[in-house]
Amino acid sequence: MSNLDSIAGHGSALHREARDWLLCLTSGQATARDASAFKQWCGQSRAHAQAFAETRLLWENLGTAARAVSQRESAQPMPAAQADEEPGRAAVAAPARMGRRAFLGAAVAASAACLMLRPPLRMWPAWSDWTADYRTETGEQRQIQAAPGVVVEMNTQTTINRLTSRGQQLGIELVSGEVQVQTAGQLAEQFTLLAGAGHVRMPPGAQCNIRCIDKQVEVTGLAGHTELVYRGNNVTLQAGERISYSDRAIEPVMSVNTESAMAWRRRVLIFDNQPLSEVVSEINRYRPGKIVITNATLASRKVPARFSLNQLADVATLVHDAFGASVTSLPGGIVLLS
């Protein structure tokens with residue numbers, strides 16, 4: 001049994017399989033089929049998911065230890081004999097050298113952490129998804145009661161954490177995805193939701209839609225009024241008004257059609273002359289795998305469309321029929337449009 005197998009019971013068959021998966025996924029040669037097979041393996045039981053999480057954590061700790069060893073090695077003074085052979089170099093810092101074992105440990109930890117933080121094509125949940133208080137899978141929608149009198153509808157690929165202090169629920173954080181939040185008219189106090197660089201305050205009787213994709217946030221008022229606090233500035237939204245912001249800037253308030261913002265609740269996606277690239281990017285959030293447009297002219301074509309979420313398997317065919325696009329299907333739900 002190897003040293004790695006002997007640590008914390010990691011010699012079990014399940015942990016050996018988890019380590020094999022980690023090696024595969026961090027090899028740089030993993031395919032869409034590998035990712036799909038890994039997702040199936042991980043979903044077999046809670047024990048499978050836990051074994052992989054423990055293995056990843058162990059390798060991350062090994063990487064940390066390896067970096068510490070490397071730092072200690074690089075900090076050691078040059079041997080006296082070598083200093084005598086090379087006059088004048090004793091006072092010059094030697095280049096940091098990492099032993100092969102330490103280097104491999106650090107490399108594995110770094111690559112594993114990167115893949116868990118940003119899985120390719122979102123083919124398996126990111127590490128933040130595994131540890132979230134609430135999350136939805138691709139294509140899944142669900143309702144939660146975030147607090148007494150506060151109902152949150154979660155759209156596909158949405159991750160939420162509770163905000164608490166001394167056991168008291170203060171609000172929620174939308175890590176990524178999209179939600180519609182409604183507060184009851186008899187709510188005792190306003191409800192707070194953090195999203196990106198701002199936070200939303202909702203008084204009793206308010207409803208809004210909040211979307212946070214790649215740190216770009218949109219807040220749309222649907223009923224009552226909603227207050228956004230962004231870097232010390234307060235903006236009040238009425239029904240039919242939207243504001244967008246990122247970590248760097250905030251856009252002016254604009255009027256919008258609330259039907260489009262609420263359509264996903266009816267399992268419908270509405271696009272009003274948007275570039276096909278934007279349409280496909282949104283559709284990718286609801287279906288396994290990924291549709292990729294490889295033709296810039298095709299990507300810029302404007303699309304007025306309304307899709308039921310039950311139609312998304314036929315999107316590539318519809319694009320082919322409408323624009324004459326070439327369709328290439330690959331393993332793992334990957335579809336190329338050109």
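Each value in this text was obtained by applying a stated rule to the coordinates, not by laboratory testing. Just so we're clear, the structure is a prediction, and the values are computed from it rather than from any experiment. Cβ coordinates were reconstructed from backbone atoms using ideal geometry, including for glycine residues, and neighbour counts include every protein chain displayed.
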**OP:** Determine the shape class of the range 267-337: with a ≥ b ≥ c the square roots of the Cα gyration tensor eigenvalues, call it rounded for a/c under 1.5, and otherwise prolate if a/b is greater than b/c, oblate otherwise.
**Re:** oblate
Subject >> Nearest-0.05 FRET efficiency for ASP214 and THR236, computed from C-beta distance (R0 45 Å) >> reply: 0.95
Original post:
How do 33-39, 170-176 rank on mean C-beta neighbours within 10 Å, highest first?
Top reply: 170-176, 33-39
**OP:** Assign one of three labels to the range 134-261, namely rounded, prolate or oblate, based on the Cα gyration tensor with a ≥ b ≥ c the square roots of its eigenvalues; rounded applies when a/c is under 1.5, prolate when it is not and a/b is larger than b/c, and oblate otherwise.
**Re:** rounded
Subject >> Sites ARG16 and HIS225 - FRET efficiency at Förster radius 45 Å, r taken between beta-carbons, to 0.05 >> reply: 0.20
Subject >> In order through the range 168-185: 3J(HN,Hα) via Karplus (6.51 cos²θ - 1.76 cosθ + 1.60), integer Hz, x for Gly, Pro >> reply: 9, 6, 9, x, 9, 10, 8, 6, 6, x, 8, 9, 10, 10, 10, 9, 5, x
Original post:
What trypsin sites (Lys or Arg not before Pro) does the range 130-185 have in DSSP loop regions with at most 13 other beta carbons within 10 Å?
Top reply: ARG166
**OP:** Using a 10 Å cut-off on Cβ atoms, rank the peptides 200-211, 289-300 from the highest mean neighbour count down.
**Re:** 200-211, 289-300
